[in-house]
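A short worksheet on the structure shown next.
Each reported figure results from applying straightforward, stated rules to the coordinates on display, with no laboratory input. Keep in mind that this is a model prediction, so the values were computed, not measured. Virtual Cβ from ideal backbone geometry, glycine too; neighbours counted across all protein chains shown.
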Amino acid sequence: MAETQRPGGTSWQDAQLAAALCAAAPATLGGVLLRAGPGPVRDSWLALLRDWLPAESPQRRIPVHVSETRLLGGLDLAGTLQAGRPVAERGLLAECDGGVAVLAMAERASRATVAHLAAVLDNGEVLLERDGLSGRAIAAAGVVALDEGLADDEAVAPALRDRLALHLDLRSLSIRDLAPAPFDAAAIVAARDRLARVACPEDATEALCGAALALGIDSLRATLLAVQVARAVAALGGEDMVDAEALDAAVRLVLAPRATRLPLPEQAGDENEAPRESPPEQGGGGDAGAGNPAGEEASASEGAMQERLLEAAVASIPADLLARLQAGAGPRQRNPGQGKSGALQRHRLRGRPMGVAPGDPRSGARLSLVATLRAAAPWQNLRRDPAARAGGDAASAGRAGTGRTRPRVVVRREDFRVTRFRQRSESTTIFVVDASGSAALHRLAEAKGAIELLLADCYVRRDQVALVAFRGEQAELLLPPTRSLVRAKRNLAALPGGGGTPLASAVDMAASLVEQIQRRGGTPAYVMLTDGRANICRDGSQGRQAAGEEALAAARMLNATAVRGMVIDTSPRPHHSAEQLARALGALYLPLPHADATALRDAVQAGAR
Amino acid sequence: MAPAFPFTAIVAQDEMKRALLIAAVDQDVGGVLVFGDRGTGKSTAIRALAALMPKMQVVAGCPYNCDPAGAKPMLCDSCVAAAGGTPLKTRAQPVPVVDLPLGATEDRVIGALDLERALHAGEKAFEPGLLARAHRGFLYIDEVNLLEDHIVDALLDVAASGENVVEREGLSIRHPARFVLVGSGNPEEGELRPQLLDRFGLSVEVQTPRELATRMQIVRSRDAFERDRAAFVKKWQRKEGRVRRQIQSARENLDGVDVPDRVLELAARLCMALGTDGLRGELTLIRAARALASLEGREVAGEEELRKVAPSVLRHRLRRDPLDEAGSGTRIERAMEQLFS
């Protein structure tokens, strides 16, 4: 099946299979995480899904900036004014019932959007409690999350990713790979009918559970979804029982993309979590999967089945992921912030709503209709009084028709209420730690101690932290922005010292992190602990003079972002190179001759204020 | 609404189930917080609890689910007025488990002016919110750590006082709102505000089971449930009934459970050893131990009960060292080892 497959991606056949599965059982499977750039391949896939979904099943596109009201349903503005009483409007999610919601640019979706989608996937209904309305709407829908993320830090929120059964990566496919579909709409309809009758035998369940464990997939939801996918594949193939082929497909589409480690016993060493029960007979690695005859002992054949599944999984794990897994690091998890990107939006309209206030909607603020009506409501009897109305400046909202002059609701300017928003701007502190030989000699341990104390402060303020270390050839991002201080501490403790000082590379990395954080709407700040004596250039060559100049040039670039920062000189005596760096960065310079960790922290805190 | 997954069919996660049952027996224990990995059945368990609760008696027609047996502070104004010496009309009703969805607006949570009546009839009427609906039941907040701050503020006060005071839009209303706050969330996505953390009596950390057998059992039962919900629920009906009766009798016998001085002293010493702030930890410890004893059909709450509930009660009350990897659970275990030897 993998003729046209390039390393790392999903083959078109699998993608077609996924579309068919999604069309057959959207709500049961949760849906599809589709990693692909916009283009003909993605469009063809979506068109396939549209064709295969039964005619009565809707497919709605949810834009990334969808408002909560539109998503969940809420007050129908026009209808409410027209009728003079609250009129509810169905939300997008309720409209998707029985079909599929396509979430565009899922990697930029806000937390709230993700949380609502997750709730719908869990409960199959939308719970509405807003704008004075309350109700439930059935919404058994699947979600297709279109992920256009390029970098590692742009990924769909884990809460959503976990609930979507099928993970596809079509980035490596081109139009030439597209082939006609092996299914048609009739087959999908037949599969829909058959699905409830398909059984999943005991040993198949066990094989899937074992494979999930061996691949280091903690979430049980993944295993549950794999079982459902296996059943759906069998239903699509006209079977009444989950067979080997269905299991293979489930592993390829559900388990393999979620793997956090390789299913080899040697690999268990770099997992510091509790020892897991390793599946039986995996010692062989490559040779055992060839084929135990099924006639042997039952457990042996189960083991073989699982082995084969694991091989299928390894074969379809993307190559770059494979490399990373071998290096012992799982896919990075990150905390998606608000997904709106800067400057274009006005502050008054941005962020999370936090209550309402009297105000004038014409100045660009968003009118809160419910609050406005509420403010107007107590006065209606008075205002309807002809004498009061003669007063003149009554603006009538909701003139029902031209024939009627008497407004249903009299709203005056003082009733206007606008929604206030608050932008939750998270601050992220980037620690850039010099672990080179010169620094290590002097006071790497001390710097580590100081950072730990600073981390505790970050915890108190609910800040995020990121950690960049540099030594030897180049800087390394030890920890992408996270709120998990335990991870930060662990990474820091494991940081070895020694080697050259690639300062330019470190400043570059800090700058790119700063940009990343700003793009997400956060407020970055950095703390650089170094003696400033660069001796490694960006290209890895040595030379104090050239490296120093490069570092200063990089520093001036970072300075242009006008981000708050400070340089802590870790050399034994205050040294002009660190001071020079601080000046180029436009950062605060703190020489620390023989200070202990607490003094260092105090200095940083004083500087931060 | 589709039938929920039965509570008794939930595999493993004993601490979570125990904490929820304790909260079901004694509402004053103060709520349950369930924090943990994705896909561990947090929401499933909490929703399942709703189906398990015995019915309760409420004043007929009261929007706040008032308890007919309640005295004045537990009754809303209209019930007090209606009572006036004569017995109130009552009816049995399932215990409410109210969802507070993430997007909920303030007016729906605390209640607000009834827009329709105000616009139509020009009346100033109060439309009760979620807090009113949750009175005497459960208020469930999924992803509690992502809740908007202004909603949290509204919740904090009500959860502490058991009364919802509404002063807005020309309304001046107060009504009882005593509910068990149940929150769930994933700590990776954000911390909980300390004030809100303090409102939870019990906190549970759930983890994905790592044994193949357990995982298989979960997958199997979940699959059976998905395939035929009605049949699955029916299969567990008897067991559900048994636990329901257990809760019922535990509630009735709760006041009769004795807590000897020795156990009180142990609780106090445990809290002192761990350096928990305030007295709330001790009080909750005793309450939870008593509820657990009652649940197990005992008349005396002993050391055993104390041991079982201590981790859930104290876990979130320890002054936290954010960099201590050992976690609060281990510290509690250690302290108990020393005290209870």
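Quick notes on this structure:
- Region B:203-246 shape via C-alpha gyration tensor axes, a/c threshold 1.5: oblate
- Each Cα pair under 8 Å and six or more residues apart adds its separation to the average, and for chain B the resulting relative contact order is 22 percent.
- Rounded to whole numbers, the Karplus 3J(HN,Hα) couplings from phi for region A:561-567 are 7, 6, 9, 5, x, 8, 10 Hz, using 6.51 cos²θ - 1.76 cosθ + 1.60 with θ = phi - 60°, and x at Gly and Pro.
- Rounded to the nearest 20, the size of the Cβ-charge dipole of region A:66-213 about its Cα centre is 460 debye, with Lys and Arg at +1 and Asp and Glu at -1.
- Distances between placed amide hydrogens fall under 5 Å for A:Val418 paired with A:Ala357, A:Gly359, A:Ser368, all partners being 5 or more residues away or on another chain.
- When both bridge partners sit in region B:1-159, DSSP labels roughly 65% of those beta bridges antiparallel.
- 3J(HN,Hα) along region A:207-218: 4, 5, 4, x, 4, 4, 4, 5, 8, x, 9, 6 Hz, from the Karplus curve 6.51 cos²θ - 1.76 cosθ + 1.60 with θ = phi - 60°, whole Hz, x for Gly and Pro.
- One Cα centroid belongs to region A:155-203, the other to region A:519-570; the line between them spans 47 Å.
- Region B:191-341: C-alpha gyration tensor shape, a/c 1.5 cut-off, then a/b vs b/c: oblate
- Binned Cα-Cα distance frequencies in region A:442-527 - 5 Å width, integer %: 3, 13, 24, 25, 22, 10, 3, 0
- For the pair A:Arg556 and A:Arg136, a Förster radius of 51 Å applied to the C-beta separation gives a FRET efficiency near 0.30, rounded to the nearest 0.05.
- Among beta bridges from DSSP that stay inside region B:98-196, the antiparallel ones total about 55%.
- Degrees between helix B:327-339 axis and first principal axis of chain B (Cα, 0 to 90, nearest 10): 60
- Scalar couplings 3J(HN,Hα) for region A:87-93, obtained by applying the Karplus form with A = 6.51, B = -1.76, C = 1.60 to θ = phi - 60°, are 10, 7, 10, 6, x, 4, 5 Hz; x denotes Gly and Pro.
- With each label modelled as a point 7 angstrom along the Cα→C-beta vector, the B:Arg334-B:Arg91 pair spans 5.7 nm.
- Dipole size of region A:444-509 about its Cα centre, with +1 on Lys/Arg Cβ and -1 on Asp/Glu Cβ: approximately 320 debye, rounded to the nearest 20.
- Measuring between their Cα centroids, region B:188-232 and region A:239-255 lie 26 Å from each other.
- Point-to-point label distance, B:Gln195-B:Asp228, nm (Cα→Cβ direction, 7 Å offset): 5.3
- Cα shape, region A:131-252, gyration tensor, a/c 1.5 rule: rounded
- Helix B:149-161 and the longest principal axis of the C-alpha atoms of chain B enclose an angle of approximately 90°.
- Distances between placed amide hydrogens fall under 5 Å for A:Arg35 paired with A:Asp147, A:Leu168, A:Asp169, A:Leu170, all partners being 5 or more residues away or on another chain.
- Footprinting exposure proxy for A:Ile175, B:Ile247, A:Ile188, B:Ile141 (fewest neighbouring C-beta atoms within 10 Å first): A:Ile175, B:Ile247, A:Ile188, B:Ile141
- Sorted by Cβ neighbour density within 10 Å, fewest at the top, the residues B:Val165, A:Val433: B:Val165, A:Val433
- Cα Rg, Dmax (largest Cα-Cα span) when computed across chain B, Å: 20.9, 70
- 0 to 90° range, to nearest 10: angle between helix B:42-52 axis and chain B longest Cα axis: 60
- Long-range amide H partners of A:Ile62 with built H, under 5 Å: A:Val102, A:Leu103, A:Ala104
- Annotation: the residues A:Thr80, A:Thr260, sorted from fewest to most other C-beta atoms within 10 Å of their own C-beta, follow the order A:Thr260, A:Thr80.
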